[in-house]
Amino acid sequence: MMRTRPLKVALLGCGVVGSEVARIMTTHADDLTQRIGAPVELAGVAVRRPSKVREGIDPSLITTDATALLKRGDIDIAIEVIGGIEPARTLITTAFEHGISVVSANKALLAQDGAALHAAAEQQGRDLYYEAAVAGAIPLVRPMRESLAGDKINRVMGIVNGTTNFILDKMDSTGAGYQEALDEATALGYAEADPTADVEGYDAAAKAAILAGIAFHTRVRLDDVYREGMTEVSAADFASAKRMGCTIKLLAILERAADGESVTARVHPAMIPLSHPLASVREAYNAVFVEAEAAGRLMFYGPGAGGAPTASAVLGDLVAVARNKLAEATGPGESAYTQLPVSPMGDVVTRYHISLDVADKPGVLAQVATTFAEHGVSIDTVRQQGRPDGVGKEASLVVVTHRAADAALSGTVEALRKLDTVRGVASIMRVEGE
């Protein structure tokens, strides 16, 4: 039977995503009622700037006191789209303390304090859902923690930041340099005025921490994720990638060790073969490639950011949490029973593409090859060519290795920098997805 008394929702934050959440709740109210089994009513909207005009939202719902909104006694569900660590963390815990389940899109907070928030939700018997925190509209969190709950996930590799994918795609398809591609992304609204969180990999690292925890049933915090940005990726790197039949993407890569006793989590630029499904992900889209023991290889693809796509994920969680509320039940919480350690980046094994500026004279190649051998890194291919400008009688030497530990490669590069015949290490790029 349909319940007539509405479930009351507090919306914390009303920016790009929050305003879309409010709009969809209003325009799709009848459909949401039928899907949930009861009406959902927007009972209050907490904002920082109450004077701002918010089209379609009753001004009487606006408040600057989010805490008072949560404590007033009639709120069933809170939607947190404020972002950042505080006051979001305090507001979420306050919601749990007052019997309110929470839907959040806050990747930074969940990556840093997800364990504590899950514990607070469990203690109060409330839900914490956060599909929108990773990859926008793409259904990913719920399939991994529910649909694949009976399987064993061994690897997750994905493009989880639309801004960086747009920039790298433009560099690949047009030959543009990094700054030129970034300027275009900024002009189109894909990049913020300060793009640091995106281009330096912080945004992707937060998402990687969340996904690793779900995939491997262990606690992975933001500090556990190795991170490299993409600001040093050049047109020359793309030219080298094309010669190898590859392109370059900023990837989040999460892996279970072969012996099952540890995991790794990392974010960095990497070359991937054009034959890999992730290579064809264009513009500002996201895609995540999941490898599970029984299900095999699965790929999730779609818009990873933006007001409407992210709001879609928020509303999906709202429906699930509201149904749980009516059933007097809760959905799945944190699953961290494995307690696997996160191995350091030095333990990661992969292939590498290294570009060196060297003296253009006999014996250089042998000296470089010896250095690789002394550090236990096997060379797959080598390409040497003279510098087109002829300056200083220098040559470019490109080495592609077989699989090797990151620590061994780091030792090799350190030794190469000390050689008199090596003028500089122009680029180091990992090669993934083969």
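Read the figures in this text as sums done on the coordinates, not as results from a lab. Quick caveat, the model's predicted, so the values are computed rather than measured. Virtual Cβ from ideal backbone geometry, glycine too; neighbours counted across all protein chains shown.
Things to note:
- Förster-model FRET efficiency, 25 Å R0, Ala235 and Glu283, C-beta, rounded to 0.05: 0.85
- Against the chain, whose longest principal axis comes from its Cα atoms, helix 16-27 is set at around 40 degrees.
- With both labels modelled 7 Å from their Cα along Cα-to-Cβ, the Glu41 to Lys393 distance reads 8.6 nm.
- Whole-Å distance, taken between Cα centres, linking the range 262-297 and the range 171-230: 14 Å
- The value given for the range 345-431 is a Kirkwood hydrodynamic radius of 12.9 Å, derived from the mean inverse Cα-Cα separation.
- Candidates Pro273, Pro344, Pro50, ranked by Gaussian network fluctuation over the chain, Cα under 10 Å, top entry: Pro50
- Non-local lysine pairs in the range 141-305, meaning eight or more places apart or on different chains, with alpha-carbon distances under 23 Å, amount to 4.
- Selected from Ala329, Thr231, Ala373, residue furthest toward positive end of dipole (the chain; charges at beta carbon): Ala329
- Each semi-axis of the equivalent ellipsoid for the chain is √(5λ) with λ an eigenvalue of the Cα gyration tensor; in descending order they amount to 47, 23, 17 Å.
- Most fluctuating residue given options Leu128, Leu61, Leu250, as computed from a GNM of the chain linking Cα atoms under 10 Å: Leu61
- Taking a straight line from the alpha carbon of Lys361, these lysines sit under 24 Å away, with near neighbours fewer than eight places off in the same chain left out: Lys393, Lys418.
- Folded to 0 to 90 degrees: helix 107-124 orientation relative to the chain principal axis, Cα: 40 degrees
- 0 to 90° range, to nearest 10: angle between helix 88-97 axis and the chain longest Cα axis: 40 degrees
- Set of the range 333-377 residues, backbone N closer than 19 Å to the point 7 Å along the Cα-Cβ line of Gln385: 353-361, 365
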